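Asks: Take this structure, written in C-alpha cells, and hold onto it; I'll ask about it next.
The values are calculated or read from the model by the stated rules, or taken from the named source; none is laboratory data. Because the structure is predicted, anything quoted here is derived from the model rather than measured. Note that we place each Cβ from the backbone using ideal geometry, even for glycine, and neighbour counts take in every protein chain shown. These accessible areas exclude ligands, DNA and RNA; they are computed on the full protein's heavy atoms, side chains included. Shrake-Rupley method; radii C 1.70, N 1.55, O 1.52, S 1.80 Å.
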Protein chains: 2
Amino acid sequence: MSDRVKYILDENKIPTHWYNIEADLKIKTPAPIDPATGAPMEIAKLESIFSKGAMEQETSHERYIEIPKPVREIMRQWRPSPLYRARRLEKVLDTPARIYYKYEGVSPSGSHKTNSAIAQAFECKREGVKKVTTETGAGQWGSALSQASSIFGLECRVYMVRCSFDQKPYRKAMMELFGATTIASPSMETEVGREVLAKDPDCRGSLGIAISEAVEDALKHGAKYCLGSVLNHVLLHQTVIGQEAIAQMEMAEDYPDIVIGACGGGSNFAGIAFPFIGEMLRGGRKVDILGVEPAACPTLTKGKYAYDFGDVAKTTPLMKMYTLGSSFIPPAVHAGGLRYHGMAPQISNIAKQGIMRARTVQQLDVFRDAVVFARAEGITPAPESSHAISAAMDEARECKKTGKSKSILFNLSGHGHLDMTAYLEYFAGKLKNYEYPEPEIAMALSGLPVL
Amino acid sequence: MSDRVKYILDENKIPTHWYNIEADLKIKTPAPIDPATGAPMEIAKLESIFSKGAMEQETSHERYIEIPKPVREIMRQWRPSPLYRARRLEKVLDTPARIYYKYEGVSPSGSHKTNSAIAQAFECKREGVKKVTTETGAGQWGSALSQASSIFGLECRVYMVRCSFDQKPYRKAMMELFGATTIASPSMETEVGREVLAKDPDCRGSLGIAISEAVEDALKHGAKYCLGSVLNHVLLHQTVIGQEAIAQMEMAEDYPDIVIGACGGGSNFAGIAFPFIGEMLRGGRKVDILGVEPAACPTLTKGKYAYDFGDVAKTTPLMKMYTLGSSFIPPAVHAGGLRYHGMAPQISNIAKQGIMRARTVQQLDVFRDAVVFARAEGITPAPESSHAISAAMDEARECKKTGKSKSILFNLSGHGHLDMTAYLEYFAGKLKNYEYPEPEIAMALSGLPVL
C-alpha cells in the first residue's frame, strides 16, 4: 500500500467520455411526463428551453458519450481533481479504516458544479445561443454557470433567491466577477416576479419562483435555460469525478468498500457513485453505495417514489422520483444545496432497486464533524459536502468498534470559503437540529398529482 | 514547446531544502540593531520571543537549510503547488508573450503564508512550546498560523486589527474553524491594549498595536511569537515556491525572462524570486526581477534605505530597510497585506544593489486587471496577488506593442474568496486611486532614528 497523501492523475488522464449509467440499468429510468397531456414529454417541447445537445444527452442510452474536445481542454485547468488519503483524520479518529476523499473544491467556482456548467455552456455556444439563464439558491451553481459563460462569451443572467441574495453577498460578487448579472428573485424583470411582488412586496423568494423567472426570461429573450442538478445530462457530466477516482484508487493500490456522497438534487453523489455502480452492474466488485441527506429534508429515506413536479410552481414536466411533495419547503438548514424536495430520477430508480442505500444526518453532527475534518485535513468544507464527511466519519468510527479495516471513499464536493457564516453561527451556538417534519411532508405528499 | 495548461510536479519533488539567498549575496544584509544599545541585536534577546529554531535560520549563511521531515510531510497536502500557463489570458490580451503563474491559493489557508506557518509552528512544537501568538491584518497570516497550530496541537491566539476584525468576519470564522482564538486588537487582554482603549475606547487598531499585544501576550504566558513576513527566516520558508517553479518551467521547456511578485513585507515576492536570483548570482541566466507595490504605499520606489523600526509602536529591533517611516499609516487600499511601511531587509539589500527593480500600480488598474484575469483564467485572485497580475499584464501588453515574445512568470500568492467585499466595492464604483502621499511620508521619514 502506498504511503502517499494525494493522488494526482496526469492531464492526459482526464476522462474522454462521460459514463451513462442508463446503459447498464436493467430497469430503465421512467421518462418524464407532460402534465398537460399525461403522455411522455416531447423532446421538441424541452428543446425550446434547453439546448439540443443537452437533450440528446438527456435521452441517450449509450454507455459512453464522448466529451467534446473544447470541454476537455477547459477542464485541464483543474482536472483531474486530487484524491486524498485522509491520514491525519484517520489518526484523529484512531480508526483502522482507510479514508479517501475526492476533492472538487479546486474548480473555478469551488465545487463540482463547474463540470456540468462548462458542458452545458459549450452546447449552447455550439448552437449559436448568445445568452443563458438559470436560478441559484446558495450560489454554487450560479457561480459555476457564470464562469462557464465567461469562458464561452455568453451573456448569463442568474436569478438568485432573495434571502440568499441578501445573506450571501460574496456569492453575488463572485458571479459578477465572472461577468454574470445576478438578479434577486422575485424580481420586476419577469411577469412571474411582478405578480409575486404585487401580492407580497417583501417576498423572500424560493427556488420554485427563481426557476420560473429564469425559464420565462429564457423563453422571452431567445436564451437557453440551464439546470445544475436532477436531470440525466447533468448527472452524466459529473461522472468524470468517479471515473478519475477509480483510476486514483488504483494508484493507491486500493478499492473502496463504501462510496459516499451527499444528496440534494443528486449531481455530486451521481458523479462519484455512478462509475462505481457501473462496475458493479457489469459484474465488478460489490461496493456499498451510500447517499447522505439532511434529516430536515429526507427525500430518499422518507419520501415517496412517485411522479411529481420538479419545482414549487409546478411548471416542469412530471418526473418519477423520490419526493417529499413539490410544495414542501424544507427547514432552513445551512446546506442550501441539499434543500430540495425531490431527487434525480436516475438516483431514485437506483435507490428503488436497492442498488444503493441512504441515511440522514443531523445538522449539529454535520458541523461537529466538519470542524474535526478541517482541523485534521486543512480544508474548509462546504456545509453540503460536510454531510458526506460526517457519514464517512461514522463509518470510520464503526470500524474502530468492530476492528474492521474498511476502505471508505467520499466526495468532498466543494469548499466552504463563501459559506463561513454557517460556521460563525455554529460556533455561536445558533444552529440547531431539525426533527423529521412529518406533518408538513404528509401534507405535501397528499397533494401529489394523480396519474 | 509543450501545450499543457498546468504543470504538476510529483510529491517527491517537494524541495528538500530551503534556499538561503544570504549565501550568494556578496554584500551581506545588515544585521538588526538593538535600539537600547545601538549595537547588533543579541540573539538571546530575540529567543525570548521567537523559537530558537527560527533564530538559527534567521542568522544562517548556509546556502541550503534542510526542511525538517515532518514539515515536508505536511506540505504534501498541497505542495508542489501548480504552475499554470495562462493560455486564455494570453488570447484575451492578444499578446505574443508567454505568461506563467505559480498558484499558492491551493494551500489550507488559501495563500503562501502556510509555507512559513507550518515551519514556524513545527520549531515551536519541537522546543516544547505549548502556545503561539501573532497579529494579523487582512487575516491571511492569522489563518495560516491557526491551521499550522491545529496540526501540531498548539494553542494559538491571533490579535486581529479591530477594523479588519469587523470588516472580515469570514477570516475570523476560518481561524476559529482551525481552532485558534481571535481577539480584536486593541483588546482588554494586555497592558498595551488596555492603555490604548483607556485613551480611545473606539480605537480601530493598527498592526503596530496588534504586534505589541501579541508580543506582550507571548512574554507573559510562556508562549512564542510568530511573524508572517519581513524576517529572513520567513522569506527562507517561502523559497519552496521558486524552487518548484524552476523545475516546472523546465517541464514547460521554457525559462522566464521576467519574474514578478507583489511586495508587502516581502515574503511572497522572495518566495518566487530568490531561487531565480540565486541562479543568476551563481552565473546563471539573467532574469528581470520585478517587485510590485501599491502606489499608496511605495516603499521600494519612494522609501529611504535606512535603519527603522518594524512596527508603529517602535518595540522591534531596528532593521536596515527601505522604509516610509514607521509612523506612516498607508491609505486604506484593499490589499491589506501590502500596507506595510517597511520592506524585508534582504529584499531591501537586493534592491539597493540593483539586482531587482520595483514599480507601483494603482488600485483601480489592479482591480480592472484582476477582473480580466478572473474571467479568462477562472481563478478569483486576492487583491494583494492582483498587483502581480496587473504588472504581468502590463509586460504582456508591452510585448504586443513591440512584437517581442517574452516569457513572464508571476506569483499568484493567494485566492480572494474571503476578500469579495473588495470586488463588490469595485463593481459599485466605490474604490479609488491614491496619489503618492508625499507630505505624510516626508513627515514619517523625518522621524527616522539617528544612528
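Asks: Output the 0 to 90 degree angle, nearest 10, between the alpha-carbon long axis of helix B:363-377 and the longest principal axis computed from the alpha carbons of chain B.
Replies: Helix B:363-377 and the main axis of chain B meet at about 50 degrees.
Asks: Of B:Lys302/B:Lys352; A:Lys352/A:Lys404; A:Lys13/A:Lys404; B:Lys286/B:Lys352; A:Lys6/A:Lys401; B:Lys28/B:Lys131, which ones are farther than 24 Å apart at the Cα?
Replies: Going by Cα-Cα distance, A:Lys352/A:Lys404; A:Lys13/A:Lys404; A:Lys6/A:Lys401; B:Lys28/B:Lys131 fall outside the 24 Å limit.
Asks: Between 0 and 90 degrees, rounded to the nearest ten: what's the tilt of helix B:267-281 against the longest Cα principal axis of chain B?
Replies: 60
Asks: In Å², and per residue, what accessible area does chain B have when probed at 1.4 Å with the other protein chains present?
Replies: 35
Asks: A further question on this structure: Note down the relative contact order for chain B as a percent, whole number, built from C-alpha pairs under 8 angstrom at least six residues apart.
Replies: Across chain B, relative contact order equals 19 percent.
Asks: Could I ask something else about it? Any aspartates and glutamates with Cα under 15 Å of the B:Lys113 Cα? List them, leaving off those in the same chain fewer than 8 positions away.
Replies: B:Glu104, B:Glu135, B:Glu384
Asks: How many Å² of accessible surface get buried when B and A come together, counting both sides, probe radius 1.4 Å, rounded to the nearest 100?
Replies: 4100
Asks: Still on this model: Ordered by packing density, taken as the mean number of other Cβ atoms within 10 Å over each peptide's residues, highest first, how do B:377-388, A:60-71, A:90-101 rank?
Replies: In decreasing order of mean packing, B:377-388, A:60-71, A:90-101 become B:377-388, A:90-101, A:60-71.
Asks: Given H placed on each backbone N at 1.01 Å, which residues far from B:Asp254 in sequence or on other chains put an amide H within less than 5 Å of it?
Replies: When sequence neighbours closer than 5 places are left aside, there are no close amide H contacts.
Asks: Let me ask something else. Using only the Cα atoms of the stretch A:292-355, what are the Rg and Dmax in Å?
Replies: Cα radius of gyration and Dmax of the stretch A:292-355 are 11.2, 32 Å respectively.
Asks: So how compact is chain B: Cα radius of gyration and Dmax in angstrom?
Replies: Final numbers for Rg and Dmax: 20.5, 64 Å.
Asks: Estimate the FRET efficiency between A:Arg357 and B:Glu42 by the formula 1/(1 + (r/R0)^6), using the beta-carbon distance for r and 51 Å for R0, to the nearest 0.05.
Replies: After rounding to 0.05, the efficiency reads 0.15.
Asks: Pop out the carbon and sulfur fraction of the accessible area of the stretch A:57-126 as a percent, whole number, probe 1.4 Å.
Replies: So the carbon and sulfur contribution to the accessible surface is 47 percent.
Asks: Hey, another quick one. Defining the label point at 7 Å along Cα→Cβ, can you sort the distances from A:Ile329 to the same site in each other copy, shortest first, in nm?
Replies: Once sorted, the set of distances for A:Ile329 reads 4.7 nm.
Asks: Under 27 Å Cα-Cα from B:Lys199, which lysines qualify once same-chain neighbours fewer than 8 residues away are excluded?
Replies: Excluding near neighbours in sequence, the set is B:Lys168, B:Lys172, B:Lys220, B:Lys314.
Asks: Could you work out how far the C-alpha centroid of the stretch A:341-384 sits from that of the stretch A:85-148, in angstrom?
Replies: Their Cα centres are 15 Å away from one another.
Asks: If I take the rotation axis that carries chain B onto chain A, which residue of chain B has the nearest beta-carbon, and at how many angstrom?
Replies: Taking Cβ atoms only, the nearest residue and its distance are B:His417, 2.
Asks: What list of ³J(HN,Hα) couplings, whole Hz, do you get for the stretch B:424-435 from phi and the Karplus terms 6.51, -1.76, 1.60, once you set θ to phi - 60° and write x for glycine and proline?
Replies: Rounded to whole hertz, the list is 4, 5, 4, 5, 7, x, 8, 8, 9, 7, 10, 6.
Asks: Still on this structure: Say a label goes 7 Å from Cα toward Cβ at A:Lys130 in every copy; what distances in nm does this one have to the rest, shortest first?
Replies: Reported distances to equivalent positions: 6.9 nm.
Asks: In debye, nearest 20: dipole of the protein assembly as shown around its Cα centre with unit charges on the Cβ of K, R (+) and D, E (-)?
Replies: Here the protein assembly as shown has a charge dipole of around 900 debye.
Asks: For chain B, what does the helix formula give at 222 nm: sum of -39500 (n - 2.57) over DSSP H segments with n ≥ 4, over the residue count, nearest 500 deg cm²/dmol?
Replies: So the helix-based figure for chain B works out to -12500 deg cm²/dmol.
Asks: Further question on the same structure: Just checking the output field for B:416-422: average partner chain Cβ neighbours within 10 Å of each residue's Cβ? Can you show the working numbers first?
Replies: Numbers: counts 5, 10, 5, 2, 11, 3, 1.
Average neighbour count from other chains, rounded to a whole number: 5.
Asks: OK, next. How much length is gained if the chain between B:Glu440 and B:Leu197 is pulled fully straight, taking 0.36 nm per residue apart and subtracting their Cα-Cα distance, in nm to one decimal? Walk me through the intermediate numbers first.
Replies: Details: separation 243, 0.36 × 243 = 87.48 nm, distance 2.51 nm.
Roughly 85.0 nm would be gained on extension.
Asks: Sticking with this one: Tell me the label-point distance for the pair B:Ala23, A:Lys286, using the 7 Å Cα-to-Cβ offset, in nm and rounded to one decimal.
Replies: Rounded to a tenth, the inter-label distance reads 5.9 nm.
Asks: Volume per residue, Å³, of the convex hull around the alpha-carbon atoms of the protein assembly as shown?
Replies: So the per-residue Cα hull volume is 161 Å³.
Asks: Can you give me the distance in nm between label points at A:Glu155 and B:Lys430, each placed 7 Å from the Cα along the Cα-to-Cβ direction?
Replies: 2.8
Asks: Beyond 12 Å, what share of the Cα-Cα pairs of the stretch B:411-451 is found? Please give it as a whole percent.
Replies: Details: 607 of 820 pairs.
The proportion of pairs with Cα distances above 12 Å equals 74 percent.
Asks: Placing the label point 7 Å from Cα along the Cα-to-Cβ direction, what are the distances from A:Glu56 to the equivalent spots in the other copies, shortest first, in nm to one decimal?
Replies: Distances between equivalent label points, in nm: 6.5.
Asks: OK, next. Can you list residues whose amide H is under 5 Å from A:Tyr100's amide H, if they're 5+ apart or on another chain and H is modeled 1.01 Å from N?
Replies: Sorted by chain and number, the residues that satisfy this are A:Ala86, A:Ile408, A:Leu409, A:Phe410.
Asks: Kindly state, to the nearest 0.05, the FRET efficiency for B:Asn12 paired with A:Asp34, given R0 = 41 Å and r defined as their beta-carbon distance. Walk me through the intermediate numbers first.
Replies: On the way: r = 58 Å, r/R0 = 1.42.
It comes to 0.10.
Asks: For B:Lys125, go through the aspartates and glutamates and keep the ones whose alpha-carbon is under 12 Å away, minus same-chain ones fewer than eight residues off.
Replies: Leaving aside aspartates and glutamates fewer than 8 places away in the same chain, those within reach of B:Lys125 are B:Glu155.
Asks: Let me ask something else about it. Compute the helix-to-body angle for A:207-220: its Cα long axis versus the longest principal axis of chain A, expressed 0 to 90° and rounded to tens.
Replies: 50
Asks: Separation of the stretch B:414-451 and the stretch B:1-50 by C-alpha centroid, Å?
Replies: Measuring centre to centre over Cα atoms gives 27 Å.
Asks: Same structure again: On a C-alpha basis, how far is the centre of the stretch A:210-250 from the centre of the stretch A:258-303 in Å? Whole number, if you could?
Replies: 17
Asks: Going by amide H atoms built from the backbone, whose H comes under 5 Å of the H on B:Val361, apart from near neighbours?
Replies: B:Glu293, B:Ala295
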